[in-house]
1. In Å², and per residue, what accessible area does the range 94-170 have when probed at 1.4 Å with the other protein chains present?
2. Enter the angle in degrees (range 0 to 90, nearest 10) between the Cα long axis of helix 27-169 and the first principal axis of the Cα atoms of the chain, meaning the one along which they spread out most.
3. If you find the alpha carbon centre of the range 133-170 and of the range 45-60, how far apart are they in angstrom?
4. Could you give the Stokes-Einstein D for the chain in µm² per second, using the C-alpha Kirkwood radius, 20 °C, 1.002 mPa s?
5. Toward the positive end of the charge dipole of the chain, about the Cα centre and with charges on Cβ (Lys, Arg +1; Asp, Glu -1), which of Ile56, Ser40, Ala119 goes farthest?
6. Summarise the accessible area of the chain (1.4 Å probe, protein heavy atoms) by the percent that is carbon and sulfur.
Amino acid sequence: MPPKKDKKGGKGKKKAVSKDAGEIVSPEDKVRLLESERSSLQFQLACKSEETSDVIAECADLRTALAEANKKHQEEKQMTADISATMTRQFKGMQNELLEKIAEREKLIDNLRDELVEAQKVATEQLAEKDRIIQQKDEDAAICRQEIKDLCNHFADLFVEASKQVSSVM
């Protein structure tokens, strides 16, 4: 930036006519005024150029930061999607395993129920057979007791008769 030029306040030639009054100003004053305006404009241009370059640099930094943030966001988004996909796959795998185990257990339960029904049926049949055998043996025992009673009575009658005959013979 070029340095500011000092205004010559009161030094040098005086203006012959004021500007407001529409009077003519000397050419040297015009040159000084124009040079002063030029240096002021150059200074303003330099300031604006510096501000512009600062803003452009800041904009570039912001673009870089935004690009990095977008990249990080995309990476995190991808990582989240990958984790979600992995968890979903694991969940489905575990779900399938559990469903298979449930189906296996249900088959086992059905088989055990069938075996239980069959075992109850066999036990009922065996119990009925045992009851029938016991009843048959009870009937056989009753018949044998009756036969023994009959034989006892028959032998008692024979004994009484034999006693009578022995008594009569004697």
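The values are calculated or read from the model by the stated rules, or taken from the named source; none is laboratory data. Remember, predicted model here, so these are calculated numbers, not experimental data. Here Cβ is always computed from backbone atoms with ideal geometry, including for glycine, and neighbour counts include all displayed protein chains. Protein only, heavy atoms only, side chains kept; ligands, DNA and RNA dropped before computing areas. Shrake-Rupley method; radii C 1.70, N 1.55, O 1.52, S 1.80 Å.
1. Details: 7290 Å² over 77 residues.
Here the per-residue accessible area is 95 Å².
2. In the chain, helix 27-169 runs at an angle near 0 degrees to the longest axis.
3. The range 133-170 and the range 45-60 have Cα centres separated by 142 Å.
4. On the way: Rh = 31.3 Å.
Calculated translational D: 69 µm²/s.
5. Ser40
6. Numbers: 9260 of 15690 Å².
Accessible surface attributable to carbon and sulfur in the chain totals 59 percent.
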